[in-house]
């Protein structure tokens, strides 16, 4: 158990906290706990002998009665490799939140116990979040897909720890790759504006002129519908950018009601809901961390 990455309890109600006077080595902990009664839901004990902390797993004679004697103890994290963090902003039921607290507050420690929101206590051992690159364009600000993904991860109890790696490109920077005296943008939404050249907006169906379309394939299709021809274009679709070797989450306007998986990356519709983003992250976790599960 202790050699796996991202070890987190399935529920913090299975984690007890005990203060002791014994040594926090395995022999001392066995001598203290074996034979003592534990609640039937208790599977782990955070053992405190301030300033030291250790994490143990326990087995009981039975899980049927309300309390049963402890019959075995396994030391998961000894005091030299363990830290205790108090942070009331951390939801300890969320693996990503546990990993973030561990890496920012106790980096270098194998086992990190967090006393977080509601006073609940849980832990993570060997935090190693799955890196997910999120490709997006701005405006609007904040980068919508990045922001939505963070919001999903803030409450995602079913996902392994995830570290978001924003890969965000500004529309104005994309436009500068093809200088023009006139640009056509999909719409005014999100505060999109390019200073200098004349700017028109496709959703207003302006009179045709010699412009460069700053948009995706769907914008190009709409242009062709309106004007009977395709336009000079800078393609802003995040899906078309190279993604590197990380797990990748991006979006595409050609998707309307479903997500798409493609070789280690997942694509959501341009106006994806939080539910679709949760579905996408679940698909990425299944692809990149297929054996992960809370213990």
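The numbers here are math on the coordinates, done by the rules we state, and not lab data. Here the structure is a predicted model, which means the values were calculated and not measured. In this analysis, Cβ positions are derived from the backbone assuming ideal geometry, glycine residues included, and neighbour counts consider all displayed protein chains.
Of all beta bridges that DSSP places with both ends in the chain, some 40 percent have antiparallel geometry.
Under the simplified labelling scheme, the residue 204-residue 158 pair shows an inter-label distance of 4.4 nm, with each label point 7 Å from Cα along Cα→Cβ.
Calculate for the chain the 222 nm mean residue ellipticity that helices alone would give, adding -39,500 (n - 2.57) per DSSP H run of length 4 or more and normalising by residue count, nearest 500 deg cm²/dmol.
Details: 6 runs with 61 residues, N = 295.
Taken over the chain, the calculation gives -6000 deg cm²/dmol.
Between rounded, prolate and oblate, where does the stretch 12-125 land on the alpha carbon gyration tensor, with a ≥ b ≥ c its root eigenvalues, rounded for a/c under 1.5, else prolate if a/b exceeds b/c? Oblate. Placing pseudo-labels 7 Å out from each Cα toward the beta carbon at residue 218 and residue 59 gives an inter-label distance of 5.5 nm.
If the chain linking residue 107 and residue 241 were pulled fully straight, counting 0.36 nm for each residue of separation and taking away their Cα-Cα distance, it would gain 45.0 nm.
Looking at the square roots a ≥ b ≥ c of the eigenvalues of the Cα gyration tensor of the stretch 116-156, which shape do they give, rounded for a/c under 1.5, prolate if a/b is larger than b/c, or oblate?
Working: a/c = 4.54, a/b = 1.87, b/c = 2.43.
It comes out oblate by the Cα gyration axes.
List 151, 110 from most exposed to least, where exposure is judged by having the fewest other Cβ atoms within 10 Å. Don't skip to the end; give the middle numbers.
Working: 151 13, 110 20.
Going from least to most buried by this count: 151, 110.
Multiplying the residue separation of residue 36 and residue 225 by 0.36 nm and removing their Cα-Cα distance gives an extension gain of 60.4 nm.
What order, most packed first, do the peptides 127-133, 177-183, 139-145 have when packing is the mean number of other Cβ atoms within 10 Å of each residue?
So the peptides 127-133, 177-183, 139-145, ranked by packing, come out 127-133, 139-145, 177-183.
Approximating the spin labels as points 7 Å out from Cα along Cα→Cβ, the residue 257-to-residue 274 distance works out to 2.3 nm. Protection proxy ranking for 46-57, 80-91, using the average of other Cβ atoms within 10 Å per residue and placing the highest first: 46-57, 80-91. Taking each residue as 0.36 nm, the span from residue 232 to residue 174 lengthens on full extension beyond its C-alpha to C-alpha distance by 19.5 nm.
Restricting attention to the stretch 12-125, close to 65% of DSSP beta bridges with both partner residues there are antiparallel.
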